Structure formats: C-alpha cells, structure tokens
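Following: one structure in structure tokens, then a few remarks.
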Amino acid sequence: MKKLIVKIGKLSIIPLVVLILMGLSQEQDRVVNLKRQLFEQYKGSTECLIIGTSHALMGLNPTLFPFKALNIAEEGKPTEVDIEIIEKNINQLPHLKYVIIPIDYFTFYFTGLREEAAPKYYHHWGLKDGYIKSYYFKRYHAFTCGFMIHEHDTYDQYDTLMGYRAQYEDLSKLSAAFRLNKYQAKHNDWNKYWIDPGSTEQIYKRIDNFISMLQKRNIQTILVTLPVCTQFYTYYDPKINTRNIQLVNDILNNTNARYINLQNNPLLTADSLYRDIDHLNFKGATIATKLISDFITKPVGNNLLKDSLN
C-alpha cells in the first residue's frame, strides 16, 4: 500500500509540473482578446476613447463621431480597469483628444471584487501591478480564466464597428409582465454584485485624479450618463442618485471635465430604442451618439445638464 502511494505521488509530479508551467505562461502579457487587438491596432491614430461597461459597449457607436474614435468598453468592466489601460498606454496615444467616461448608476460603487467577470480584464490587458493585487487567487491568470491557450471572449466577434456591439432587439415587443420581473431582478443583481458604498470615496478619487492627469495632457474628459428605459429608472435608489449628483458636481468643480446626462432626454424615452431594460439598441445608440457628438463639437457653456443626474 505504501509503495502504491509513493508510486502515485511520483506519477502526479509530471502533471503538476505541467500545470505550473502552463500557469506561469499564462502570466505573460499576451493579446488574447479581440477588443485589445483593436486597441493595439488603432491606438496610434485614435482621437477619442470610449470606456465603460456594456451600457457604452452597446450604446455608443464610434464610427458616427466626426473624429477617430474607438470603443473599448466591455461587459462588467470596472472603471479602474479602463483607467489603468489608458495610464499604461498614454504615451502610445499621441493623438488622443477625448476620453468618454460613462457615469452609470453603479459607477462610483463598482470595484469588480464581487463580480466574477471583472478580474479577467486585468489579465487580458496586461495590467499586473495595479488593482489586480486586491484579489487573492484571481490575481493569477490561471485562477481566473483557466489554462486555455487560445482564450478570448467569443462575443468580441460582434464588436466589429471600432469596438461597438450593435443590438437589434426591441424592448417594446416584450410583455409588461416580463419587463416587471426584469426590473426587480436587475436591481437586486446590481445591489448584490455591483454596489459597494464602502468603495465610493476610493473610486471617486481615482476618477478625479485620472481626469486631472488627462487635463495636464490637454485631453478633454466627457462624462456621460447613458439612459435606461423609463420604467426601470424608477427602481433606482434616490439616495444613490443624490450621491451620484454630488460626486459628479465635485468632479466638475475640480477639473475641466464636461458632463451630459441623457437619462431624461425626450429623444430617448421610447422603449423601441432599447435592447432590454438598461441597454440601447442600434436605433437608440445612433441617437445617443449623435447627441454626444454634438455636445462635444458644439459645446454650450462649460457643462450641460450639470445638476440633472436624477
């Protein structure tokens, strides 16, 4: 029996060594997802970067701006990831003039620590020295994405319009009962995985300092609140809305950032402009992109809709 145990132990050494070597190879900075491939290809000529979560991924079409824009937003991606991406590559973005930062309901509360998808972005973008160290096991690529040699987000194949993912579903065609169920489920999901009030001050300071850095480089920050469908908006916590207003106004007072809020814009109230309760479809994205483009190129004052987050 003892000999059998020793034999099994010796045999297990080989696969263990293989797994360790594979894990070490995963720690190398490799371009494994299609979104980063786009970034590496176009960063030398990009004039505007759109960052954020799926709201921006599906809600802003960079090909409709009058300048070279690229959408690097991804599903469940914390703002911290995008900040680290830009900081790491700032010297390789010689033509960057604008950075569009979405201010969603959850932006100032979402670190990604409680959301399973978030850690992979640090690895996929080669961000090894920043916030990824806040994770215990997931700071290592193999514990986040496994041992896939050729890994990528298969949905990236649809981000063909300079990183934009067009959506063609129509919320107005869904039943009222179905939507009602979705409102509460989404709200509960955000509260469980995305809203961490204890991280607010940390995230706010990170965004404020990042905008100040861009300002020193003559890069204009555009803060944008993209809309969710009107009925779902009523599920938002008024206390969080009020806090968001305060934080945005603090940023506007501290920096030269400009802000546009599309939540209550009359051009974006119809359910037919939404893919689901909190994402625009291609019709809605076309309207939203045009409004933001006009705001950037035809500014009125310093900030538009400064006090209207709610």
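Every number in this text was worked out from the coordinates using simple rules, so none of it is lab data. Computed from a prediction, not measured in an experiment: that's the story for all the values here. Quick reminder, even Gly has a Cβ in these numbers, built from the backbone with ideal geometry, and neighbours come from all protein chains shown.
So which of 68/298; 35/68; 216/239; 43/216 end up more than 23 Å apart, counting from Cα to Cα?
The pairs that break the limit, which is 23 Å between Cα atoms, are 216/239.
Over 28 Å between Cα atoms: which of 97/138; 128/290; 133/192 fall into that group?
Long pairs (Cα-Cα over 28 Å): 97/138; 128/290.
How large is the charge dipole for segment 32-297, taken about the Cα centre, if only the Cβ atoms of Lys, Arg (+1) and Asp, Glu (-1) carry charge, to the nearest 20 debye?
280 debye
Under 11 Å from the Cβ of residue 113, count the other residues' Cβ atoms, weight Lys and Arg +1, Asp and Glu -1, and hand me the total.
Its environment carries a net charge of -2.
Note down the Stokes-Einstein diffusion coefficient of segment 32-297 in µm²/s, whole number, using a Kirkwood radius over alpha carbon pairs, 10 °C, and 1.306 mPa s.
84 µm²/s
Determine, for 267, 93, the number of other Cβ atoms within 10 Å of each Cβ, and report the residues in order from fewest to most.
The most exposed by this proxy come first: 267, 93.
Could you tell me the calculated FRET efficiency between residue 95 and residue 181, based on Cβ-Cβ distance and R0 = 41 angstrom, to the nearest 0.05?
Computed FRET efficiency for residue 95 and residue 181: 0.35.
Once the piece of chain linking residue 172 and residue 215 is laid out straight, how much longer is it, given 0.36 nm per residue of separation minus the C-alpha distance between them?
11.3 nm
With the Cα gyration tensor of segment 159-310 giving a ≥ b ≥ c as the square roots of its eigenvalues, does the rule (a/c under 1.5 for rounded; else a/b larger than b/c for prolate; else oblate) give rounded, prolate or oblate?
Oblate.
For segment 172-310, calculate the relative contact order in percent as a whole number, restricting contacts to Cα pairs under 8 Å that are 6 or more residues apart.
30 percent
What whole-number distance in Å separates the alpha-carbon centres of segment 54-116 and segment 159-189?
Here the two parts' Cα centres lie 20 Å apart.
Once you keep just the Cα pairs under 8 angstrom separated by 6 or more residues, what percentage relative contact order results for segment 32-297?
The normalised contact order for segment 32-297 reaches 28 percent.
How would 58, 162, 213 line up from fewest to most surrounding beta-carbon atoms within 10 angstrom?
Going from sparsest to densest Cβ surroundings: 213, 162, 58.
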